[in-house]
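**Student:** Handing you this structure, nothing more for now.
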Amino acid sequence: MAAVKRLKRVAALQPGFISFKSSAESDDLNSGRRKRVNKNKKKNWNKHSDIQDVEEFLDDVRLQERATGGLISEKPDDSLFFVDIGEQKKRVQPEVQERKKGKKSKSRPLRIDLILQHDSLVPPPKDVLAHQQPNAKKLRRIAENAEKLAAMGVLPRRQKRLLNRRPATKTSKAKTAANNFPDRPYYDLWGAEARETADPYYLEQTGKRRVKRPEKLNAKPSILPAVEVIAPGGSYNPDFFSHQVLLLEAHEVEVKREKAELRIERQLAVKREDTATEETVFQEQVEGLVEEEEDEDEEEEEDVSIRGGLQQEKKTEKERKRERADKIKSQQKQAARAFTDKKQQLFQLRSIQATLKRREQRTRERVAQRKANQEAEKSMPRRLGRLKFQAQDLEIQLSDEIPGSLRTLKPEGSVLKDRFKSMQKRNMIEPRERAKFKRRHKVKYVEKRAFKEIT
């Protein structure tokens with residue numbers, strides 16, 4: 001309690017401090033009975049400590065700062081006192097007096113504005129967040145680098161793009177021709193294509209005009225014709241030689257098919273050497289029963305040899321120096337050989353030029369061959385799915401099957417199948433195979449009662 005009173009005295013009796021409030025409670029400083037309190041515990045510090053005088057002192061300081069803009073003790077006398085020389089009568093002109101009598105002065109503020117007006121002389125605290133800038137260090141570093149590059153004459157990337165950008169060409173809107181122009185072009189009013197007089201950009205954005213179709217979509221997937229003309233040997237009354245040429249072509253197709261079947265049979269055939277006999281069966285049964293001891297002895301010898309091979313003798317210092325010197329000599333020899341090879345290349349300029357010419361000629365030939373292959377691939381069916389394209393069998397008749405007239409000609413093939421294979425060959429659809437129907441459950445046969453009665 002004594003410390004609190006001493007703090008009050010120090011706060012109130014500071015040199016040069018003038019209080020706005022009256023010191024009515026100064027008599028109570030010395031009055032009051034001393035109360036014994038245990039202050040060893042922290043919870044009793046705020047409970048039994050009196051800091052009212054300190055708060056009053058701080059409130060008085062804040063009041064002075066609000067009212068006068070600072071402490072009164074620190075202000076000069078000129079701002080606190082003035083010399084009273086009496087009232088000075090101001091001469092007012094009669095015109096001004098009449099004007100004031102007629103109208104009230106508008107410069108006088110309203111009382112509600114005076115109440116809401118800020119009357120504190122303490123300046124508002126500085127808003128730190130208002131002056132802060134996100135990524136200030138990064139932006140400062142970027143600005144410094146830009147200044148350095150500008151001093152060196154290097155433009156930033158964004159400015160280079162702006163300079164390299166093509167200037168926008170001003171497109172003047174198409175003006176509609178006047179109806180009274182006698183030489184204007186005429187068009188068919190009832191024609192299929194209507195004349196577009198609106199802005200093309202407006203038509204594209206509103207969907208009334210289609211976007212230009214890419215040229216790649218207009219290209220055909222194959223250069224083959226939709227309907228191929230049959231060979232002259234396929235006529236109902238063909239020439240002998242043209243018929244023989246068509247027969248030879250069909251014969252070659254059949255020979256290729258037989259060769260493929262024979263190749264598959266040859267690959268699936270079992271060799272006689274691989275067939276099991278009584279001896280091979282007995283050897284398989286006895287294997288691993290007789291030679292176990294010999295195998296164990298061989299494994300022990302191999303382990304001993306491996307362990308002996310892992311142990312390496314330690315090299316002496318003399319051997320290491322010799323190896324190092326040999327390594328340096330080999331490196332020097334390689335460097336000298338490379339230097340001599342470079343010198344020799346000067347005398348091989350003609351041969352080098354000849355090799356370069358041959359290489360260029362080879363590349364030109366490869367480019368031409370690649371272009372020829374690409375042109376040939378345009379007429380060939382591509383691999384569009386998991387199955388390969390299989391050409392349709394040739395529809396041909398043998399020499400003894402050729403009819404004498406068109407009436408006795410037997411129809412062969414199917415138009416639907418021919419069109420389907422043609423679309424596959426022209427890369428319009430992928431090769432397909434017929435879907436296999438598989439029953440989930442077996443068919444159950446039941447004899448009805450009426451059927452049983454009959455049988």
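**Student:** Do any GluC sites (Glu not before Pro) in the stretch 344-408 lie in a loop, going by DSSP, with at most 16 other beta-carbon atoms within 10 Å of their beta carbon, and if so which? Please list the in-between numbers first.
**Tutor:** Working: sites: 360, 365, 375, 377, 395, 401; in loops: 395.
Those satisfying the criteria are 395.
**Student:** Counting only protein heavy atoms and a 1.4 Å probe, tell me what percentage of the stretch 369-438's accessible area is made up of carbon and sulfur.
**Tutor:** On the way: 3300 of 6280 Å².
The C+S portion of the solvent-accessible surface of the stretch 369-438 is 53 percent.
**Student:** Calculate the radius of gyration of the Cα atoms of the stretch 388-441 to one decimal place, then report Dmax, the largest Cα-Cα distance, as a whole number, both in Å.
**Tutor:** Every Cα atom of the stretch 388-441 included, Rg and Dmax give 16.7, 53 Å.
**Student:** Right, next: Please compare each pair in 220/371; 259/425; 220/410 to a cut-off of 26 Å on the Cα-Cα distance and tell me which ones are over it. Walk me through the intermediate numbers first.
**Tutor:** On the way: 220/371 18 Å; 259/425 24 Å; 220/410 36 Å.
Pairs exceeding 26 Å: 220/410.
**Student:** Can you check what the net charge comes to around residue 353, using other residues whose Cβ is under 12 Å from the Cβ of residue 353 (Lys, Arg +1; Asp, Glu -1)?
**Tutor:** Working: positive: 350, 357, 358, 359; negative: 360.
For residues surrounding residue 353, the net value is +3.
**Student:** Let me ask you something else. How high is the FRET efficiency from residue 42 to residue 128, r the C-beta distance, R0 41 Å, rounded to 0.05? Intermediate values should be presented prior to the final figure.
**Tutor:** Working: r = 34 Å, r/R0 = 0.83.
It comes to 0.75.
**Student:** As a quick test, which of the pairs 421/442; 388/438; 160/208 have an alpha carbon distance above 32 angstrom in this structure?
**Tutor:** On the way: 421/442 35 Å; 388/438 24 Å; 160/208 39 Å.
Among 421/442; 388/438; 160/208, the Cα-Cα distance tops 32 Å for 421/442; 160/208.
**Student:** Using 0.36 nm per residue of separation minus the Cα-Cα distance, give me the extension gain between residue 215 and residue 282 in nm, one decimal. Display every interim value, and only then the final one.
**Tutor:** On the way: separation 67, 0.36 × 67 = 24.12 nm, distance 7.47 nm.
That pair, residue 215 and residue 282, stretches by 16.7 nm at full extension.
The values are calculated or read from the model by the stated rules, or taken from the named source; none is laboratory data. The shown structure was predicted, so the numbers you read here are calculated from the model rather than taken from an experiment. For neighbour counting, all protein chains shown are included, and Cβ atoms are generated from backbone atoms with ideal geometry for every residue, glycine included. Only protein heavy atoms, including side chains, enter the accessible area calculation; ligands, DNA and RNA are left aside. Shrake-Rupley method; radii C 1.70, N 1.55, O 1.52, S 1.80 Å.
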